[in-house]
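Each remark here refers to the structure printed beneath this line.
The values are calculated or read from the model by the stated rules, or taken from the named source; none is laboratory data. Remember, it's a predicted structure, so these values are computed and weren't measured experimentally. Please note: Cβ atoms are built from the backbone with ideal geometry, for glycine as well, and neighbour counts cover all protein chains shown. Just so you know, the surface numbers come from the protein's heavy atoms only, side chains and all, with ligands and any DNA or RNA stripped out. Shrake-Rupley method; radii C 1.70, N 1.55, O 1.52, S 1.80 Å.
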Number of protein chains: 2
Amino acid sequence: MKKYVIVVAGGTGQRMNSDIPKQFLLLAHKPVLMHTIQRFYAFDSEIDVIVVLPQEQFNYWEKLCLDYDFSIPHRVTAGGVNRFRSVKNGLALINESGIVAIHDGVRPFVSIETIEKTFHKASIFGAAIPVRDMVESLRYSNGGSNYAFNRDFLKVVQTPQVFKTDLLIEAYANATTEDFTDDATVVERAGKNIVLVNGNPENIKITTPLDLLIGEKLLS
Amino acid sequence: MKKYVIVVAGGTGQRMNSDIPKQFLLLAHKPVLMHTIQRFYAFDSEIDVIVVLPQEQFNYWEKLCLDYDFSIPHRVTAGGVNRFRSVKNGLALINESGIVAIHDGVRPFVSIETIEKTFHKASIFGAAIPVRDMVESLRYSNGGSNYAFNRDFLKVVQTPQVFKTDLLIEAYANATTEDFTDDATVVERAGKNIVLVNGNPENIKITTPLDLLIGEKLLS
């Protein structure tokens, strides 16, 4: 079955206090985004890679690919004003039914096993995502009062979020809002169940300078 | 006003896949627990430090203090069968009213500012804890079905959790269960409100080998 991965990299560098968007920061001497793409290529060298980037970063990315001799085949499409639009732009490049993973460009430590498991479950059930247990104490706070909140039934969501292409495209087409923090929620809103698999704990999202330091250590 | 900190260090080394309990692992050439105690000493050199350790680790800790020339005054008391009992044993050493912080022995990166803020709010309102925003997508899963869970009103709890001594001692004395993941919940169950302050993001709990690597980077 045809496989796709839409790698969403919309960072503009603000949260990193950096001029360089976080997806281009160097991790072990190579831009984060290249590490991320390589994980999916290692999973399946036939996978169709679609990278969603802010349009103003196209030239910079092209230059990086030359500078770093990055040869994994991929297509690039423009990001939208929010995550929903960015993913939708990526989905527009899908031209054959199959399975599609949506993955954060700044999650370069996803394991091959996590990718395999989510693709496998999605191919059977239509929709699968990796999660990890919540290990911290939580409080519910609406700004006024606050109270202890039971963590036992909460899971922390990772990516790749993997779906049958027809299912995800239809869910995005029929969504009545664009206010989603992940793709599983778009599909759920369309009335489908999501299968949870255990992700790998190192599969963190690089969003702060601290995360980048962690990343360096993970790779060394 | 008299200040106390009860540093709870109950680790036995299992989650670290290590023979050395996590509170004794070396971080920048010094046991984690010593870094932690130093933060509170830097906040106030008059603070009364109570360390709760498994009884079988007393001798090892004493030896470490000699080996590392660790001279911050502190008392040691034995941990109990669970977190609740361990904190209660620490509270038993309080002999004068004041303010008490309960802190995880494996959170060596708490900032002086976080300590100051929580002590300040607790001295006014009786109970204060540091929290951070939830930045990840969540799902509620009871083993059967699962669904997207709104993270907007959830805060991730850190330590130090700081209280007026009389308030905390009474809450622990009157608790009808021992099944608590933190001290704020014990106090809340006694009918008191908890004030939330913003903790520092580096204030992570060292529970995995990965966290220790992060810690090394944070200190370098």
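If the cut-off is 13 Å between C-alpha atoms, which aspartates and glutamates fall inside it for residue B:217, apart from same-chain ones fewer than 8 positions away?
Straight-distance partners of residue B:217: A:211, A:216, B:202.
Would you report the distance distribution of C-alpha pairs in chain A as whole percents per 5 angstrom bin, up to the bin with the largest distance?
Calculated P(r), rounded to whole percents: 1, 7, 14, 18, 20, 17, 12, 7, 3, 1, 0.
Would you kindly find the accessible area of residue A:86, with a 1.4 Å probe and non-protein molecules such as ligands, DNA and RNA excluded, rounding to the nearest 10 Å²?
10 Å²
Considering every residue in A:139-147, what mean count of other chain Cβ atoms within 10 Å of its Cβ is obtained? Show your work: numbers first, answer last.
Details: counts 13, 3, 8, 2, 1, 0, 2, 10, 5.
Mean partner shielding for this stretch: 5.
Name the nearest-to-axis residue of chain B, judged by Cβ distance to the rotation axis taking chain B onto chain A, and quote that distance in whole Å.
Nearest-to-axis residue on chain B, with distance in whole Å, is B:214, 2.
Could you state how much accessible area is buried at the B-A interface, both sides summed, with a 1.4 Å probe, in Å² to the nearest 100? Can you show the working numbers first?
Working: alone 11610 and 11600 Å², together 20020 Å².
Counting both chains, the buried surface is close to 3200 Å².
Counting only other residues whose beta carbon sits under 9 Å from that of residue A:197, what net charge do I get with K and R as +1, D and E as -1?
On the way: positive: A:117, A:121; negative: none.
Residues close to residue A:197 contribute a combined charge of +2.
How big is the Cα convex hull of the protein assembly as shown in projection, averaged over all directions, in nm²? Provide the component values of the computation, followed by the final result.
Details: hull surface 89.5 nm².
If you wrap the Cα atoms of the protein assembly as shown in a convex hull and average its projections, you get 22.4 nm².
Across peptide A:130-137, what mean number of C-beta atoms from other chains lies inside 10 Å of a residue's C-beta? Please list the in-between numbers first.
On the way: counts 0, 6, 1, 1, 5, 5, 11, 14.
Partner-chain Cβ atoms within 10 Å, mean over residues of A:130-137: 5.
How high is the FRET efficiency from residue A:93 to residue B:153, r the C-beta distance, R0 41 Å, rounded to 0.05?
Details: r = 37 Å, r/R0 = 0.89.
Using R0 = 41 Å, I get an efficiency of 0.65.
Using 0.36 nm per residue of separation minus the Cα-Cα distance, give me the extension gain between residue A:82 and residue A:207 in nm, one decimal. List each step's numbers first, then the result.
Values: separation 125, 0.36 × 125 = 45.00 nm, distance 1.68 nm.
Extra length from residue A:82 to residue A:207 when fully extended: 43.3 nm.
Whenever you get a sec, compute what percent of the accessible area on the protein assembly as shown sits on carbon and sulfur atoms (1.4 Å probe). Before the final figure, lay out each step's value.
On the way: 9540 of 20020 Å².
After summing per-atom areas, the C and S share lands at 48 percent.
If the reach is capped at under 24 angstrom between alpha carbons, list the lysines near residue A:155, excluding any in the same chain fewer than eight residues apart.
A:117, A:121, A:164, A:192, A:205, B:155, B:205
Rank A:29, B:103 by accessible area, highest first, at a 1.4 Å probe radius? Please report the intermediate quantities before stating the final value.
Details: A:29 160, B:103 0 Å².
Result, largest first: A:29, B:103.
Less than 18 Å apart at the alpha-carbon level, and either on another chain or at least 8 residues along: which lysines does that give for residue A:63?
In chain and number order, the partners are A:22, A:30.
Just grab the label-to-label distance for residue A:135 and residue A:58, each label 7 Å out from Cα along the Cβ direction, in nm (one decimal).
Simple spin-label model gives 4.3 nm for this pair.
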